[in-house]
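Below you'll find the structure, written out as C-alpha cells, and then a few comments.
The values are calculated or read from the model by the stated rules, or taken from the named source; none is laboratory data. Being a predicted model, the structure only gives us computed values, none of them experimental. Neighbour counts are summed over all protein chains in view; Cβ atoms, including those assigned to glycine, are modelled from backbone coordinates with ideal geometry. Areas reflect the complete protein model, heavy atoms only, side chains present, ligands, DNA and RNA absent. Shrake-Rupley method; radii C 1.70, N 1.55, O 1.52, S 1.80 Å.
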Amino acid sequence: MDTREKVFAYIKEHQMLQPGDRVVAGVSGGADSVCLLFLLLEWRREIPLDIAVVHVNHGIRSEAGEDARYVEKLCGEHKIPFFLTEADVRQRAILEKCSEEEAGRRTRYEAFDKAAEEWGATKIAVAHNSNDRSETQLFHLFRGSGPRGLRGMPVKRGPFIRPLLFVSRQEIEAYLAEKQLSYCEDSTNSSLKYSRNILRRQILPVITKNINAQAAA
C-alpha cells in the first residue's frame, strides 16, 4: 500500500472527512505539511472538499519569509485561500514564561482557530506523523506524565484531524520524491536548543536501533 492509499484508508477508517467539509490545513512549507496539502488536494479530486491554508511565521528564522512566500505561491497555483500569521514567538515566550516551543505551539493553534472561524471551516488538519507521535510520548514520559499523556496524540480532537499520524517521515519523503514536490527545510530542526530535537535526533534513533525498530512506526 503506497502512502496515498494508506492515508486515504486512514481517513475513511476514522471518518475524518465528509463530503462538503471545509478544511483549514496548517502548512509550514516543510515536508510533512506539503505532503498533507497535496494529499488533501488528491482527496478533493474524488470527494467534494474546500481547502484553505494557514501559515505561521514565528519570527525566529531569517529565511521564514521565504517559507511564507513558497506556501502562498502553492496556494495561488491551486486557488486556495491563504491565511498568514506573523508573530514574535521569542517575545511571547519571555512574556508568558514558557519555552519557545510552547510559545510557538500556542501561536499556531490560535492561528488555526482564528482562520477556521473566519473561513467557516468544519475541520482543521495538522501534519503530525508517526515520528511526531513517538517523540511526543517520550516527551511526556520524561516529564513525568501519567497514563493519559502517554497515549500521545489523538487522531481527532474536536475539529482537529491528523491524517498523517500513522505515516512515517520516511514514507512522507518518499511520496514527495515520487511526486517531485519541493519543500522548505527548517534550520531550527537541527538545533539541539529545542528539547524535541534532542528526542528526534539523539534519543529516538538510539531506541529504534538498539531496542525496538518499530518505536516510531
Original post:
Among 18-28, 102-112, 37-47, how do they line up from the highest to the lowest mean number of other beta-carbon atoms within 10 Å?
Top reply: 18-28, 102-112, 37-47
Subject >> For segment 1-58: accessible area per residue (Å², 1.4 Å) >> reply: 39 Å²
Original post:
Too long at a 19 Å Cα-Cα cut-off: which of LYS123/LYS156; LYS12/LYS156; LYS73/LYS156?
Top reply: LYS73/LYS156
**OP:** Keeping the other protein chains in place, figure out the carbon and sulfur percent of the accessible area of segment 1-91, with a 1.4 Å probe.
**Re:** 47 percent
Subject >> Cβ-derived FRET efficiency at R0 41 Å, CYS98 paired with ASP2, nearest 0.05 >> reply: 0.55
**OP:** Could you order ASP2, ASP32 so the one with the most accessible surface comes first? Probe is 1.4 Å.
**Re:** ASP2, ASP32
**OP:** Show LYS123, LYS97, LYS156 ordered by accessible area, largest first, where the area counts protein heavy atoms only and the probe is 1.4 Å.
**Re:** LYS97, LYS156, LYS123
